[in-house]
Amino acid sequence: MDNNCGDNMKWKTILSVVFAVSVGFLMGKFMLNQYNSEYELAPVFNQNSDQYYFLSQGEYDSFDDMEKNMMGFDYYIYEEKNDKFITYVGITKNYDNMMKIQGYFTNAGYTIYVRDVQFNNEAFSVLVDQYDQMLKETEDNQTIKGICSQILAKYEELVVNSDSSN
């Protein structure tokens, strides 16, 4: 009978080890499958930000130089950064519209640079989407110029002025 008890203990130990290894294997497989999931991970920063194309006409060392060089534009905005004045003549979220605006100003004789900017302002985003739709449907230069001016004015109103009031 002593021998039977030892055989019984041996089987219990073997079953316990097999059970523990099986559970460990299944848990490991489950954990690894989490890393290979089909879901795309959202970035932690800027997850609610929209991407905009800011079309810049140039960068100037002084305010007077900027004003003198921007006389040919009906409307523009500028930002002062690192003792430079950077001018913007258009903003859009749509790549094709960015190319259209850049083409309009290039045909008018200006060199235009594009800068990608990300920020979150829902009211401005909705407005830009509406103007982008209008830009998409027009080829008229006066309309393109007018839409650019309106978007810049709304940017000042909804983004710049709301940031400075906070």
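The values are calculated or read from the model by the stated rules, or taken from the named source; none is laboratory data. Keep in mind it's a predicted model, so treat the numbers as computed, not measured. All Cβ positions, glycine included, derive from the backbone under ideal geometry; neighbour counts span all protein chains shown. For the accessible areas, the whole protein counts, side chains as well, though only heavy atoms, and no ligand, DNA or RNA atoms are used. Shrake-Rupley method; radii C 1.70, N 1.55, O 1.52, S 1.80 Å.
List pairs: first residue in segment 105-126 and open to solvent by 30 Å² or more (accessible area, probe 1.4 Å), second residue in a strand (DSSP E or B) and polar (S, T, N, Q) anywhere in the structure, Cβ distance under 9 angstrom, at least six positions apart or on different chains.
Close Cβ pairs satisfying both conditions: 110/57; 111/57; 113/56; 113/57; 114/56; 115/56; 116/51; 118/51.
Let's see how each residue does on (1) open to solvent by 100 Å² or more (accessible area, probe 1.4 Å); (2) over 30 Å from residue 147 (Cβ atoms); (3) at pLDDT 90 or above; (4) outside any strand (DSSP E or B):
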{"site": "7", "(1), (2), (3), (4)": "no, yes, no, yes"}
{"site": "11", "(1), (2), (3), (4)": "yes, yes, no, yes"}
{"site": "15", "(1), (2), (3), (4)": "yes, yes, no, yes"}
{"site": "20", "(1), (2), (3), (4)": "no, yes, no, yes"}
{"site": "24", "(1), (2), (3), (4)": "no, yes, no, yes"}
{"site": "27", "(1), (2), (3), (4)": "yes, yes, no, yes"}
{"site": "30", "(1), (2), (3), (4)": "yes, yes, no, yes"}
{"site": "80", "(1), (2), (3), (4)": "yes, no, yes, no"}
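Would a scan of segment 43-52 turn up a residue that is at pLDDT 80 or above and either more than 30 Å from residue 122 (Cβ to Cβ) or crowded, with 16+ Cβ neighbours inside 10 Å (or both)?
yes
Within the group 134, 99, which residue is under 15 Å from residue 55 (Cβ atoms), open to solvent by 60 Å² or more (accessible area, probe 1.4 Å) and either in contact with a strand residue (DSSP E or B) (Cβ under 7 Å, 6 or more places away or on another chain) or in a helix (DSSP H, G or I) (or both)? Walk me through it before giving the result.
Numbers: 134 fails: under 15 Å from residue 55 (Cβ atoms).
Sole residue among the options that is under 15 Å from residue 55 (Cβ atoms), open to solvent by 60 Å² or more (accessible area, probe 1.4 Å) and either in contact with a strand residue (DSSP E or B) (Cβ under 7 Å, 6 or more places away or on another chain) or in a helix (DSSP H, G or I) (or both): 99.
Please go through segment 49-71 and give me each residue that is farther than 15 Å from residue 83 by Cα and either touching a residue at least 40 places away in the same chain (Cβ under 8 Å) or charged (D, E, K, R) (or both), ordered by number. If you could, list the steps in order and put the result at the bottom.
Kept after step one, since they are farther than 15 Å from residue 83 by Cα, are these residues of segment 49-71: 49-57, 67-71.
Within segment 49-71, 49, 50, 51, 52, 53, 54, 55, 56, 57, 67, 68 qualify.
Can you tell me which residue is nearest to residue 110 (Cα to Cα) among those in segment 82-95 that are buried (at least 19 other Cβ atoms within 10 Å of the Cβ) and free of Cβ contacts under 8 Å to residues at least 60 places away in the same chain?
To start, the set of residues in segment 82-95 that are buried (at least 19 other Cβ atoms within 10 Å of the Cβ) comprises 85-92.
Then keep just the ones that are free of Cβ contacts under 8 Å to residues at least 60 places away in the same chain; that gives 85-87, 92.
On the way: 85: 17, 86: 15, 87: 12, 92: 18 Å.
Within segment 82-95, the match that is nearest to residue 110 (Cα to Cα) is 87.
Just one of (1) at pLDDT below 90; (2) exposed (fewer than 10 other Cβ atoms within 10 Å of the Cβ); (3) within 19 Å of residue 112 (Cβ to Cβ) trips up residue 72, so point out which.
Here residue 72 clears every test but (2).
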